[in-house]
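Below is one structure, written out as structure tokens; the observations come after it.
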Amino acid sequence: MQAISEVIPVLSSVDNYYNSVPAVLDRVETITGKSLKRYECDIRNREGLEKVFAETSPQAVIHFAGLKAVGESSKLPLMYYENNISGSVVLFEVMEKFNCKKIVFSSSATVYGNNPIPYKETMPTGDVSNPYGRTKHFIEQILGDVYKADNTWSISLLRYFNPIGAHESGLIGEDPNGIPNNLMPFISRVAIGKLPQLTVFGGDYDTKDGTCIRDYIHVVDLAKAHLCAVAKILDTTGINAYNIGNGVGYSVLDIINAFEKTTGQKLNYIIGDRRAGDLPAFYADATKANTELGWKAQYDIDKMCIDTWNFQTKNPDGIK
Ligand code: UFG
């Protein structure tokens, strides 16, 4: 695996800080030992993006910008379509204008909808149950059309499974605003006493212990997949989707047990009703990322729990 400075010698960040704070970037600089050129700019702001491209002449873009709360997307679909899809179109147009045609896009396993497991990149996509997931699917389709029209583009679609964990320094990790929607930040906030109880959404699925199965992946493994993808697109043209997962399914109870075992914290939880829209079980076949990107997940769920807890205890009130 190449170091970040070998793959990306000069790095700029563009963020509207809707779900983040600039202090996170100070910490990224501490971890990487590299300075970042920072721009506060919304992805829908064409003029702002053009200024960034004019000043930095990027070789490639890693596109993470997007809203990501599944439940919220069903209540506010237009906000999701406007932000995620319109914003992406503005970005792609600006890229084209500045002749920067290399992009890694942050997609999601959600694009597979209901398919047999393990999910493979060759499976059909688009049978998605919520607007958030549909934005990921549509953006993949848009990039497919962009490539069809101009095959000098080089596009990598990374289909994330369930990223959890934190950097082992405890400097950066998941710090959602308000009450977390996702399992791991909910668990760590219950463990630290900020939330009273975890509800396990459903104990009557047709799985080994009745709870849903997911493919959890350490966020540092996920970050490394981006470096591998950037290295690949810099040298090639084409469009490719890659599953970024461990290839192993763990149940909600597996995660709770691993968290309790590795941190020594007893979790207060109950088994509640199913959450609408949850699939019983899915996990990745990540062979393609291994073969074509030279990437493979290294960390197991114990490490994911340890690093989550380390981040939570070092940042009980989040990153300010
Ligand atoms: N869960 C609980 N209690 C909670 C939160 C979650 O039991 O309080 C369960 C869910 O029912 C699910 C599992 O924990 O079985 C994981 O749930 P998350 O909300 O953490 O993750 P999802 O699998 O629902 O969704 C994640 C990402 C989406 C992405 C999707 C598909 O959040 O962005 O994976 O890859 F689209």
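Per-structure values
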{"read-out": "From the C-alpha gyration tensor of the stretch 182-320, square roots of 5λ in Å", "value": "30, 20, 12"}
{"read-out": "Overall Cα dimensions of the stretch 1-63, principal axis frame, Å, largest first", "value": "34, 25, 17"}
{"read-out": "Value of Rg/Rh across the stretch 9-314 [Cα atoms, Kirkwood radius]", "value": "0.95"}
{"read-out": "Cα-Cα P(r), the stretch 151-208, percent of pairs per 5 Å interval", "value": "4, 13, 17, 19, 15, 12, 8, 6, 4, 2, 1"}
{"read-out": "In Å², nearest 10: area of residue 186 left accessible to a 1.4 Å probe", "value": "40"}
{"read-out": "Accessible surface of the chain [probe 1.4 Å, protein heavy atoms]: carbon and sulfur percent", "value": "52"}
{"read-out": "Value of relative contact order over the chain, rounded to a whole percent, pairs C-alpha under 8 Å and six or more apart", "value": "20"}
{"read-out": "Per residue, in Å², the accessible surface of the chain once ligands and nucleic acids are set aside, probe 1.4 Å", "value": "47"}
{"read-out": "Highest-MSF residue in the chain out of 88, 13, 106 [GNM, Cα springs under 10 Å]", "value": "13"}
{"read-out": "Mean ellipticity per residue at 222 nm, deg cm²/dmol - from DSSP H runs of n ≥ 4 across the chain, formula -39500 (n - 2.57)", "value": "-11000 deg cm²/dmol"}
{"read-out": "The stretch 111-216: radius of gyration over Cα atoms, expressed as a fraction of 2.2 N^0.38 Å", "value": "1.38"}
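The values are calculated or read from the model by the stated rules, or taken from the named source; none is laboratory data. Worth saying up front: this structure is predicted, and the values here are computed from it rather than measured. Just the protein is used for accessible areas: all its heavy atoms, side chains included, with ligands, DNA and RNA removed. Shrake-Rupley method; radii C 1.70, N 1.55, O 1.52, S 1.80 Å.
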